[in-house]
């Protein structure tokens, strides 16, 4: 499995390039800016992009979706609840204040338990509402891409429309902390660090004690 982390955009989003070493099929996760740098890395890795995956619909994570889609032909993929929520006019109006381009409509919608196939790499969708209604993590043992559900030493904010602090803590308790301690955490922002493990977060993250 190819897994490359890039810190991109004005808000320091952790974007990821995932690829199958055998088939050279790839995916871009959360292209939150610096699209030319992402595309250059994709070319360097020799990947054909099948999907552009959004861990959630906030503009800082999806503002590069259109450019990456047009450059690669990849299909935009999002959890069904965020795909619907971020197409609502009121939601779009609120988040337009960030001055970032929203995502084009998702070509494919997923739900909890679905498996996204990137060549021979399989990414399990874990629905983790709280930061957004359709926030999700992507699991391919031992790696877990957590989006803005879980950071190193922190958790995603819940004061935006569609957020729920209680819902986020429930998602973490029931869906994330049940994974093996050696699971590698790849967060949606580098607040506190760009990589951790579930075991380390259990020990040191004040929100999880």
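Key figures for this structure:
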{"quantity": "Most fluctuating residue given options 194, 93, 103, as computed from a GNM of the chain linking Cα atoms under 10 Å", "calculated": "93"}
{"quantity": "Taking the convex hull of Cα positions in the chain, its mean projected area over all directions (nm²)", "calculated": "10.1"}
{"quantity": "FRET efficiency for residue 24 and residue 97, using Cβ-Cβ distance with R0 set to 35 Å, rounded to 0.05", "calculated": "0.30"}
{"quantity": "Gain upon complete extension [residue 117, residue 88; 0.36 nm per residue less C-alpha separation]", "calculated": "7.6 nm"}
{"quantity": "Peptides 32-39, 75-82 ordered by average Cβ neighbours within 10 Å, highest first", "calculated": "75-82, 32-39"}
{"quantity": "Efficiency of FRET from Cβ geometry, residue 184 and residue 10, R₀ 41 Å, rounded to 0.05", "calculated": "0.95"}
{"quantity": "Rounded Å value of the spacing that divides the Cα centres of the range 19-44 and the range 129-148", "calculated": "19"}
{"quantity": "Extension gain, residue 170 back to residue 209 (0.36 nm per residue minus Cα-Cα distance, nm)", "calculated": "12.7 nm"}
{"quantity": "Alpha-carbon radius of gyration plus Dmax, which is the widest Cα pair, for the range 141-199 in Å", "calculated": "11.2, 33"}
{"quantity": "Part-to-part distance (alpha-carbon centres) for the range 181-202 and the range 55-103, which is given in Å", "calculated": "25"}
{"quantity": "Fully extended contour minus Cα-Cα distance, from residue 159 to residue 41, at 0.36 nm per residue", "calculated": "39.1 nm"}
{"quantity": "Contact order relative to length of the chain, as percent, for alpha carbon pairs under 8 angstrom and 6 or more apart", "calculated": "16"}
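Values quoted throughout were computed directly from the atomic coordinates according to the rules given, and no laboratory measurement underlies them. A quick note: this is a predicted structure, and the numbers were derived from the prediction, not measured. Neighbour counts run over all protein chains shown; Cβ positions are idealised from the backbone, glycine included.
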